[in-house]
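The values are calculated or read from the model by the stated rules, or taken from the named source; none is laboratory data. Here the structure is a predicted model, which is why all the values come from computation and not from measurement. Don't worry about glycine lacking a Cβ; one is built from the backbone with ideal geometry, like all the others, and counts go over all protein chains shown. Ligands, DNA and RNA are stripped out before the accessible areas are found, and what is left, the full protein with its side chains, is counted by its heavy atoms. Shrake-Rupley method; radii C 1.70, N 1.55, O 1.52, S 1.80 Å.
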Amino acid sequence: MSSKICFVGAGAMGSAAIRGLLKNEVYDQSQVVACDVSGDIRARVESDLGVSTTGNLDEAIEGVDTVLVAVKPQDLAVAGASLRVGLLPDQLVISIVAGASLSTLRAVTGTDRVVRAMPNTPTQIGRGVTLWTAAHGVEEDDLKRTIRILGALGAEIFTKDERHLDMATAVSASGPAYALLVLEAWIDAAVGIGLPRDLAYRLAIETIQGTMALVESGGRHPADLRGDVTSPGGTTAAALHEMERGALRATFSNAIEAAYRRSRELGSG
């Protein structure tokens, strides 16, 4: 069987993963097929990414060695029923469906050759992070292929404990939205005190990127680094006091707990 991959679902996450794989030359356009029920999505993927598309799942999985399932949780049962009929024993299934457990995936697809993964949207530029685990039926060559695929999308981290996947859904998969909301609020606040919006944007994003690079480079705890810039009675201390008074930590904790609960609900539904 040739080295080809089929995407079942080519929406936001599916197309982001396709873009990442093409960018990092894990597959070329001729080795990727995207299957989606939406004609609009198929047209956009063909135009933007140059891969072949189809609305016929049986046709899509023919001749591929890897099937990456990227449908919405509520669409998994329908997609899984079709896969259960058409999958061959030597085809690997990688699922990035939020909340879908290995037991659910094995039941709906009829195969034990299943990897459950949770990436995030920066995969499209090779800067994502994906936590993943594998069912007992996944073979050594499957694991190597999974590492190659997920590694092309950014950092890939394996865990033996499947419970961590729902937690990762709340922390890293939904995480880009948290970071973008903070950036948006940061820029709006800067504009509110009088900075031009383009200058506010540049100052905020450069500050975030530089600070994250600083964290990565030194191995010091964020609280320790924060102490370096927080002088007693200074401007930073005044700002942090307002953030603590506004229950920033509690809000973050509540938000991630809500996302975690929702991930588990999706899996049980």
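Once all protein chains are placed together, residue 193 keeps about 150 Å² accessible to a 1.4 angstrom probe.
Determine the sum of side-chain charges near residue 201: Lys and Arg each +1, Asp and Glu each -1, restricted to other residues whose C-beta is under 11 angstrom from that of residue 201. Intermediate results must be reported in sequence, preceding the final value.
Details: positive: 197, 202; negative: 184, 188, 198, 206.
With Lys, Arg at +1 and Asp, Glu at -1, the net is -2.
Once you order the gyration tensor axes a ≥ b ≥ c over the Cα atoms, which shape class does the stretch 83-166 get: rounded for a/c under 1.5, otherwise prolate or oblate by comparing a/b with b/c? Walk me through the numbers on the way to the answer.
Details: a/c = 1.75, a/b = 1.51, b/c = 1.16.
Taking the square roots of the gyration eigenvalues as a ≥ b ≥ c, the stretch 83-166 is prolate.
In this structure, residue 3 and residue 265 have a Cβ-Cβ separation that, at R0 = 41 Å, corresponds to a calculated FRET efficiency of about 0.65.
Between 6, 17, 43, the Cα set farthest toward the positive side of the dipole of the stretch 6-110 (charges on each charged residue's Cβ, about the Cα centre) is that of 17. Positive end of the dipole of the chain (Cβ unit charges, origin at the Cα centre): among 168, 109, 56, the Cα lying farthest that way belongs to 168. Carbon-plus-sulfur accessible fraction, the stretch 149-221 (probe radius 1.4 Å, protein heavy atoms only): 65%. Here the stretch 126-269 is treated as an ellipsoid with the same Cα gyration tensor; its semi-axes, largest first and in whole Å, are 35, 19, 16.
Charges were assigned to the Cβ only: +1 to each Lys and Arg, -1 to each Asp and Glu. The resulting dipole of the stretch 1-125 about its Cα centre is roughly 380 debye. Need the C-alpha centroid separation for the stretch 245-261 versus the stretch 4-64, integer Å. One Cα centre to the other: 36 Å.
Note on residue 144: lysines with a C-alpha under 20 Å away, same-chain residues under 8 apart excluded, are 4, 23, 160.
Could you give the dipole magnitude of the chain about its Cα centre, charging the beta-carbon of Lys and Arg +1 and that of Asp and Glu -1, in debye to the nearest 20? Please list the in-between numbers first.
On the way: 25 positive and 32 negative charges, 93 e Å.
In debye, rounded to 20, the chain gives about 440.
Each 5 Å bin from zero holds the following percent of Cα-Cα pairs in the stretch 220-269: 4, 18, 15, 17, 15, 10, 8, 7, 4, 2, 0.
What number, rounded to the nearest 500 deg cm²/dmol, is the helix-based mean residue ellipticity at 222 nm of the chain, given -39500 (n - 2.57) per DSSP H run of at least four residues and division by all its residues?
Working: 12 runs with 144 residues, N = 269.
Taken over the chain, the calculation gives -16500 deg cm²/dmol.
Dipole check for the stretch 65-193: with +1 at the C-beta of Lys and Arg, -1 at the C-beta of Asp and Glu, and the Cα centre as origin, the magnitude is about 80 Debye.
Within the full protein context, the accessible area of residue 201 is estimated at about 110 Å² for a probe radius of 1.4 Å.
Hey, can you find the accessible area per residue of the chain for me, probe 1.4 Å, expressed in square angstrom?
Values: 14670 Å² over 269 residues.
About 55 Å² of surface per residue is accessible.
Heavy atoms only, probe 1.4 Å: what % of the accessible area of the stretch 1-80 goes to carbon and sulfur, would you let me know?
Numbers: 1610 of 3590 Å².
Heavy-atom surface of the stretch 1-80 belonging to carbon and sulfur, 1.4 Å probe: 45 percent.
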